Amino acid sequence: MKKIRQPIIAVLGHVDHGKTTMLDRIRNTRVAEKEAGGITQHIGATEVPIEVIKKLAGPLLSLWKGEIKLPGLLFIDTPGHEAFTSLRARGGSLADLAILVVDINEGFQPQTIESIEILRKYRTPFVVAANKIDRIKGWKVVENEPFLVNIKRQDQRAVQELETKLWELIGKFYEFGFQANRFDRVQDFRRELAIVPISAKYGIGLPELLVLIAGLAQKYLEEKLKIEVEGPARGTILEVREEVGFGTTIDVIIYDGTLRKDDIIVVGGRDKAIVTKIRALLKPKPLDEIRDPRYRFDQVDEVSAAAGIKIAAPNLEEALAGSPVIAVRSEEEIEKAKKEILEQIKSVIISTDKV
Ligand code: GDP
């Protein structure tokens, strides 16, 4: 059975431009939680279900003609381009889409440029979050409301100031070969880069940002996001860590198929492929249910893409962050997966040698 999975979203940008604040704010979005299902915390990732986006967005959804069939968005919790470049999937990037955060008052900074170059190299579609608009002189904050609601409350001077800063940004993007525009003025999202003015600190513009990403993914990435749910899982290691009671575990983002608790997995190590059998699949307990910090996880029987999950298994000591995880269901597949992983290790070594 085929299904469309959640796009995996990465957040990039210069230090202090607000990446962490934005992710925190998204994580803490509360919209009629019970009704909408709320935000789910995965291992290393945060899931925003489509119901939440629809609730937040209201009339903004008309930005996209046609229905959004995606189940939601999965944000990688670790922002920055180091995480982005180290997390690969099938030779490309693990992230299907990215948000480039730029402090609208500071404009382009060295890591903004680095991020753009990386996104270009990986051909990752992205949108721009022009952050900290609350710092614009005279801006009257309307907390947790869309940008388009905020802009109506501003006086002429603040609006003008925002426009000037946006034009500076648009000019900079032009220098780097991108035609950019404020999101509500974009005619063709394939050719123009959309800029959403936001304030991560006050939650301004986040509804638009979420709707925009969901719409872009639906419109342009549907084919890529279509997966065979029951197929063997594929994922990328976010982190290798010791966990009391479980030994060495790997935190993995699954981007294809379904991982089952009795699967055999082939995992990338420093210079070899590790074949091991899963002992447990662990997901974080909801925070309010953790009574004893030693029992922070729930065990699950299976998990389908896209999701963040912790895997406990023997022999993971030499597993390497950024490497692939491939689930296999026959001897033949083990050999194929090992070969694929070894080839990838070789290509990474060669490409880092060049740097
Ligand atoms: P990161 O390095 O990109 O992750 O940036 P942080 O999220 O750590 O933010 C850096 C600083 O900017 C912190 O002091 C935040 O409180 C502040 N900040 C982030 N977003 C906003 C915003 O929208 N408005 C204002 N006024 N400050 C912000």
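Figures for the structure shown
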read-out	value
FRET efficiency estimate (nearest 0.05) - Cβ-Cβ, Val15 to Glu331, R0 56 angstrom	0.70
Overall Cα dimensions of region 183-294, principal axis frame, Å, largest first	53, 37, 29
Bins of 5 Å, starting at 0 and running to the largest distance - Cα pair percent for region 167-213	5, 22, 26, 23, 16, 7, 1
Per residue accessible area of region 130-272, 1.4 Å probe, in Å²	46
Distance-filtered residues of region 158-197 - backbone nitrogen under 19 Å, label point 7 angstrom along Lys137 Cα→Cβ	158-169
Percent RCO, i.e. relative contact order, over the chain, from Cα pairs under 8 Å lying at least 6 residues apart	19
Cβ charges +1 (Lys, Arg) and -1 (Asp, Glu), total dipole of the chain, debye	580
Highest-MSF residue in the chain out of Val141, Val229, Val244 [GNM, Cα springs under 10 Å]	Val244
When region 131-208 is reduced to its Cα atoms, the Kirkwood hydrodynamic radius in Å	12.9
Using a Förster distance of 22 Å, the FRET efficiency for Glu163-Gln109 (Cβ separation, nearest 0.05)	0.55
Nearest 10 degrees, 0 to 90: helix 331-354 Cα axis against the chain principal axis	50
Sparse-neighbourhood loop sites, trypsin sites (Lys or Arg not before Pro) in region 144-230 - DSSP loop, at most 16 other Cβ within 10 angstrom	Arg153, Arg190, Arg191
Two-site FRET efficiency, Asn315 against Lys69, from Cβ-Cβ distance with R₀ of 56 Å, rounded to 0.05	0.90
Estimated vicinal HN-Hα couplings, Hz - region 80-93 in sequence order (Karplus 6.51, -1.76, 1.60; Gly, Pro = x)	x, 7, 5, 4, 4, 6, 7, 9, 10, 9, 6, x, x, 9
Vicinal HN-Hα couplings computed from phi for region 101-111 (Karplus, 6.51 cos²θ - 1.76 cosθ + 1.60; Hz; Gly/Pro x)	8, 10, 5, 5, 7, 9, x, 5, 10, x, 6
Debye equation applied to the C-alpha atoms of region 1-121, log10 I(q)/I(0) at 0.18, 0.19, 0.22, 0.23 Å⁻¹	-1.06, -1.14, -1.30, -1.33
Pair-distance profile P(r), taking every C-alpha pair of region 40-85, with 5 angstrom steps and integer %	5, 19, 21, 20, 14, 14, 7, 1
Tilt relative to the chain, helix 156-175 - C-alpha long axis, 0 to 90 degrees, to 10	50
Between helix 206-220 and the chain: long-axis angle, C-alpha atoms, 0 to 90°, nearest 10	60
Kirkwood-type radius of region 207-355, with distances r between different C-alpha atoms, in Å	16.6
Rounded to whole Å, sorted largest first: equivalent-ellipsoid semi-axes of region 82-166, Cα gyration tensor	32, 14, 9
Calculated Rg and Dmax of the chain using C-alpha coordinates, Å	20.9, 69
Most mobile listed residue (Thr249, Thr276, Thr164) in the chain, GNM with C-alpha springs under 10 Å	Thr164
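The values are calculated or read from the model by the stated rules, or taken from the named source; none is laboratory data. No experiment lies behind these values; they were computed from the predicted model shown. Cβ: placed from backbone, ideal geometry, glycine included. Neighbour counts: every protein chain shown. For accessibility, only protein heavy atoms count, side chains too; no ligands or nucleic acids. Shrake-Rupley method; radii C 1.70, N 1.55, O 1.52, S 1.80 Å.
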